[in-house]
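The values are calculated or read from the model by the stated rules, or taken from the named source; none is laboratory data. The structure presented is a predicted model; accordingly, all values stated were derived computationally and were not measured. We place every Cβ from the backbone using ideal geometry, glycine too, and count neighbours over all the protein chains shown.
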Amino acid sequence: MTNSEENTKKLLCYINEFCPKELNSVEILKFFQLLLAAHWEHADNHGQYSQYLSCIDNRGLVETTLDENPKAVKPAPKISIKLGEVKFEKAHLGDEKAESEDGNILTFGWGCSTQLIFNHRFETPGQTLIAAESTFEFLSAIANEVRQLLNLTTFLPVGISQPKKEKNQASDNFNLDIIFNISYNYYVSANLETHRIKVIASTISIQ
């Protein structure tokens, strides 16, 4: 077994401890941030690209939409994870639902799909492309494990864009996107016995 394969197995064991039980946009972003940060933690994880990426400062390298400050200057290097528009297969509340044995908790479910975007921002086009290739090879290598771990219906690559210089005149950085299509089941549970739900339900029934 190669060092890369050993590192991948260690990463999966580590990530398995933090696997979310139910998926939503926030949990998906947090999971992939943790996953990618673990990959970028050691230069050896980059395999054939280690010689080019060993100089990268990985502290705070990986962020998500949850961490970003739109007004702040975005320095390089940085890898930002974002989600595209989430599209639901079933548009009406209650198309699929389950009720707890005591009838107090009602769970609604929908199949949904979106795009997971890994934006890479580095100082040169070459470094940007090499960093993106490392990320892509890592995600592709463990795609089946991630799909099973998160119970995803789909986790497939769509493409890798070309490095482009940022339009911001104050920046000399380059960026590109790696895009994956993902689909999964989205569940929302409501405890019908909570005070707030009872008050709202009572008000609606009176009207």
Exercise. Could you please tell me which pairs satisfy a Cβ distance under 7 Å, a separation of 6+ or placement on different chains, a first residue in the stretch 98-117 that is acidic (D, E), and a second residue that is at pLDDT below 85?
Key: E99/L106
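So that you can scan it fast, the table gives a plain yes or no per residue for (1) under 27 Å from T153 (Cβ atoms); (2) without any contact (Cβ under 8 Å) to a residue 24 or more places away in the chain:
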| position | (1), (2) |
| --- | --- |
| E17 | yes, yes |
| P20 | yes, no |
| L29 | yes, no |
| Q33 | yes, no |
| L36 | yes, no |
| W40 | no, no |
| D44 | no, no |
| S50 | no, yes |
| S54 | no, yes |
Quiz item: Which residues, counting only those in the stretch 129-154, are assigned to a loop (DSSP other than H, G, I, E, B) and in contact with a Lys or Arg (Cβ under 9 Å, 6 or more places away or on another chain)?
Solution: T153
Quiz item: From the list I182, I160, which one is surrounded by 17 or more Cβ atoms within 10 Å (Cβ to Cβ), over 23 Å from K21 (Cα atoms) and modelled with pLDDT of 90 or more?
Solution: I160
Quiz item: Restricting attention to the stretch 117-128, does a residue exist that is among the hydroxyl-bearing types (S, T, Y), modelled with pLDDT of 85 or more, outside any strand (DSSP E or B) and surrounded by 14 or more Cβ atoms within 10 Å (Cβ to Cβ)?
Solution: yes
